[in-house]
Amino acid sequence: MIYLDPDKVKEIVNSLYVSRILEAYGETGVTTLRDVLETLHRLFQFIEPELVKGSLLVFKLLDSDASPIDLPNPQRFTNPQHLAQEYVIDPTPRNSAIQICSNGDLMFWKDFNLDVTQLHNRAIVYLYRDRQDAFFIRENQCIVPNPSPVYASVFSIPTFRFLRDALEDYKRRWIRTSRCRIFCTAWHGGEKSFRLFFINGPESTMRRSLVQFLDTVFGGSAEIRPEQVVDETHPVDIKVTWMFSNRLALIEIKWLGKSINEEGKITQNFTDYRAKEGAQQLADYLNTNYAEVPTHQTRGYLVVIDGRRRGLSNSSKSISHHDGFWYEDKEITYNPAFHLTREDFEGPVRMFAEPICRAD
Amino acid sequence: MINPFAYFDSLSICKRLQDTLGNATIAEIYLFAYLSCLLSLYEKLPASSWEYQFSITKEGYPYSVALDTSVQDHINNGLLDGKEYYVELTESGKEVYNQLRTLELNYWREPFIEGACSTILAMPIGIIRKSISQESEIKSALDLSQSRMLLTDAEQDVIYKQFSTLSSAIGMEVKELMVPALVWLKCLSEQEDFESGS
């Protein structure tokens, strides 16, 4: 039985922006907050918060009958997509603001100079700046914790319906620049390293990173389980089961590059051959799985984390851009090409993990 | 036989999830129906007043036969468009929902459904599901890998006690049930962090 500690609950109530808004502005505040949150979700479908230079203020007046803020030169939009287009075509760092009107229209100021203290007593005010979400509640700023800081805003964390789309996002945001805090530790030297060598045996770290990502973005309908037994000898890295349906996915992860141990000795050197082995292994899993659960529609996904660098020896301490990015666009040719010959085998997803290169 | 409450709830939840996420999976409809039912306990209603029951699968997912039957009926009758493992409300589905929501039989349920579904505006849905899986009965079903009925009398007492603690901490009566829902989910999520040591 779970016992809720009253002091702990009180602490949560005192720190959560939603309950603080309730306390400060009453139920009207929460209703207004909901409108602000809905607008943020819609806006961040079209504006990538990572690209916001300067700050973005979004607010809605608590009094729905009040006139919009009287400031010169607003642009009025009925569709957040149109506003987003206007916003993104101008990459100049600015402090911009959006007012949500009571009829749902959006008033947009590219340059907004109003002191926020003039708003916080009569509006729900949200501020995005430097990868941080915050609400102004009376005179206090309340930071919104982000459970997945790879995404620049907590309100831009996506919900994916298709695994392929999710893996593409993982590749782009989590792996490319090693932004995932778990994945970082797969590099020898960790977060601060130049990302030249993996640690000895980085597989479980990579698996944990992908499981955590999928758990966050895959909605409330898919069970993500690491190391699930498919045949008698090998577990597949990750099994995704969509509840109340007959869909399954098997994900096999392979890494390419060199690993090094604490003594600085290279322990593995995996080339594209390793990815081809992974493809064969996944095809075998799919065959076994079909025999075990023939009524399920299963698809196989091969994830190849590519940390190859050109000309790397165990004494390498840095790398040039030319050598570091040598493999960036070197796609792997699979033979047999299961993804072209089998319906249940998705195209392999190669995720190149960038090094940090010396300036020369 | 179709349960009229489950018939309505499945449309109402699908509409709200679709507004934010573009569509809804069947598992999410069950999940948010269960959270809506829990919020009715926050308002001190007995679980029996929700008019249909929930069970938990051995994987830890809330399930309801009544909702399952309704969703299938909606798909068969063109109110929901079933695609792979998710569904979308059709234009006819929206019309039927708009008619049903005005009925006295249904409108009292809307604040609970609204409170439950609004949580997705503030929390990623994967985290909501993981938090709910920390709820006592779901957690023990998951630990033992057993399916069972949810909201038994004993469990209702536990939930009432939790919600009483919650209500005291919030310190005022609220009609906007998104607030207690998020506080409760945050409590469960911190419980999970504590147990997993993260």
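Loop sites only, by DSSP: take the trypsin sites (Lys or Arg not before Pro) in chain B that have at most 13 other C-beta atoms within 10 Å and name the longest stretch containing none of them. Intermediate results must be reported in sequence, preceding the final value.
On the way: sites that count: B:LYS44, B:LYS58, B:LYS175.
It runs B:59-174.
Of the residues making up region A:1-22, those losing 40 Å² or more of accessible area when the isolated chain is joined by the remaining protein chains, with a 1.4 Å probe, are A:MET1, A:ILE2, A:LEU4, A:VAL9, A:ILE12, A:VAL13, A:LEU16, A:VAL18, A:LEU22. Compute for region B:57-119: radius of gyration divided by Kirkwood radius, i.e. Rg/Rh, restricted to C-alpha atoms, rounded to two decimals. Here Rg/Rh amounts to 1.00. Computed from Cα atoms alone, the Kirkwood hydrodynamic radius reported for region A:250-329 is 14.7 Å. The 3J(HN,Hα) values that the Karplus relation (6.51, -1.76, 1.60; θ = phi - 60°) gives for region A:294-304 are, in residue order, x, 7, 8, 8, 10, 10, x, 10, 9, 9, 10 Hz. Gly and Pro appear as x.
Please say if the protein assembly as shown is rounded, prolate or oblate, where rounded means a/c under 1.5 for a ≥ b ≥ c the square roots of the C-alpha gyration tensor eigenvalues, and otherwise the choice is prolate for a/b larger than b/c and oblate otherwise?
oblate
Reducing region A:26-89 and region B:22-40 to their Cα centroids gives an inter-centroid distance of 28 Å.
Across chain B, the mean sequence separation of Cα contacts (distance under 8 Å, 6 or more residues apart), normalised by length, yields a relative contact order of 28 percent. Of the residues B:VAL87, A:GLY311, A:LEU4, the one whose Cα sits farthest towards the positive end of the charge dipole of the protein assembly as shown is A:GLY311 (charges of +1 on Lys and Arg Cβ, -1 on Asp and Glu Cβ, taken about the Cα centre). Cα centroid separation, region B:76-120 to region A:154-172: 26 Å. Spin-label model, A:GLU354 to A:HIS296: label points 7 Å out along the Cα-to-beta-carbon direction sit 3.8 nm apart. Close amide H partners of A:ASP306, meaning residues 5 or more places away or on another chain with modelled amide H under 5 Å apart, are A:LEU256, A:MET351, A:PHE352, A:ALA353. Within the accessible area of region B:39-198, the carbon and sulfur atoms contribute 49%, probe 1.4 Å, all protein chains present. In chain B, the DSSP-assigned H stretches of four residues or longer account for a calculated mean residue ellipticity at 222 nm of -20500 deg cm²/dmol, using -39500 (n - 2.57) per stretch and the full residue count as denominator. Rolling a 1.4 angstrom probe over the protein heavy atoms with all chains in place gives region A:110-216 an accessible area of 43 Å² per residue. I'd like the orientation of helix B:110-122 relative to chain B: the angle between its Cα long axis and the longest Cα principal axis, in ° from 0 to 90, rounded to 10. On a 0 to 90 degree scale, this one is about 70.
What does the structure give for A:235-243 when I average, per residue, the other chain Cβ atoms found within 10 Å of the residue Cβ?
Values: counts 0, 0, 0, 0, 0, 0, 1, 6, 14.
Mean partner-chain Cβ count within 10 Å for A:235-243: 2.
Which percent of the accessible heavy-atom area of region A:1-131 goes to carbon and sulfur, probe 1.4 angstrom? With neighbouring chains kept in place, the figure for region A:1-131 is 46 percent. Let me make sure I get this right: for region A:150-232, a, b and c are the square roots of the gyration tensor eigenvalues over alpha carbons, sorted descending. Under 1.5 in a/c it's rounded, otherwise prolate if a/b > b/c, else oblate. Which is it? Judged from the Cα gyration tensor, region A:150-232 comes out oblate (a/c at least 1.5, b/c at or above a/b). Remark: the Cα gyration tensor places region A:165-301 in the oblate category, a/c being 1.5 or greater and a/b not exceeding b/c.
Provide the per residue accessible area, probe 1.4 Å, for region A:223-324, rounded to a whole number of square angstrom. Don't jump to the answer; show the numbers that get you there.
Values: 4800 Å² over 102 residues.
In whole numbers, region A:223-324 has 47 Å² accessible per residue.
Per-residue mean of foreign Cβ neighbours for B:30-40 is 1 (Cβ atoms of other chains, 10 Å radius). Helix B:26-42 versus the longest principal axis of chain B: what is the Cα-based angle in degrees, 0 to 90, to the nearest 10? The angle comes out near 60 degrees. Projecting the Cα atoms of A:SER245, A:GLY220, A:SER259 onto the charge dipole of region A:196-305 (Cβ charges, centred on the Cα centre) puts A:GLY220 farthest toward the positive pole. Region A:100-118 and region A:181-250 have Cα centres separated by 43 Å. Basic side chains Lys and Arg get +1 at the Cβ, acidic Asp and Glu get -1 at the Cβ, and with that the dipole of region A:305-360 about its Cα centre reaches some 360 debye. Taking all Cα pairs closer than 8 Å and separated by 6 or more residues, the relative contact order of chain A comes to 12 percent.
Farthest towards the positive end of the charge dipole of region A:14-142, among the residues A:PRO91, A:ASN73, A:ASN103, is the Cα of A:PRO91, using unit charges on the Cβ of Lys, Arg, Asp and Glu. Buried accessible surface for the B/A chain pair comes to about 4300 Å², total over both chains, computed with a 1.4 Å probe. Spin-label model, A:TRP326 to A:THR92: label points 7 Å out along the Cα-to-beta-carbon direction sit 4.5 nm apart.
Derived scalar couplings between HN and Hα for region A:178-189 equal 6, 6, 5, 5, 6, 4, 3, 6, 7, 7, 5, x Hz in order, rounded to whole Hz, by the Karplus curve 6.51 cos²θ - 1.76 cosθ + 1.60 (θ = phi - 60°), x for Gly and Pro. Charging the Cβ of each Asp and Glu at -1 and of each Lys and Arg at +1, and nothing else, the dipole of region A:168-270 about its Cα centre rounds to 540 debye.
Measuring nothing but how far apart in sequence close Cα pairs (under 8 Å, 6+ apart) lie, relative to its length, region A:90-153 scores a relative contact order of 19 percent.
For chain B, the solvent-accessible area with a 1.4 angstrom probe is 39 square angstrom per residue. Inter-label distance, A:ARG122 to B:GLU190: 3.6 nm, where each label sits 7 Å from its Cα along the C-beta direction.
What size of dipole, in debye to the nearest 20, comes out for the protein assembly as shown about its Cα centre when the only charges are +1 on Lys and Arg C-beta atoms and -1 on Asp and Glu C-beta atoms? Display every interim value, and only then the final one.
Details: 58 positive and 76 negative charges, 338 e Å.
Roughly 1620 debye, rounded to the nearest 20.
The amide H of B:SER147, built 1.01 Å from its N in the peptide plane, has B:LYS58 as neighbours under 5 Å, considering only residues 5 or more places off or on other chains.
The values are calculated or read from the model by the stated rules, or taken from the named source; none is laboratory data. Computed from a predicted structure; not experimentally measured. Note that we place each Cβ from the backbone using ideal geometry, even for glycine, and neighbour counts take in every protein chain shown. Accessible surface areas use protein heavy atoms only, side chains included; no ligands, DNA or RNA. Shrake-Rupley method; radii C 1.70, N 1.55, O 1.52, S 1.80 Å.
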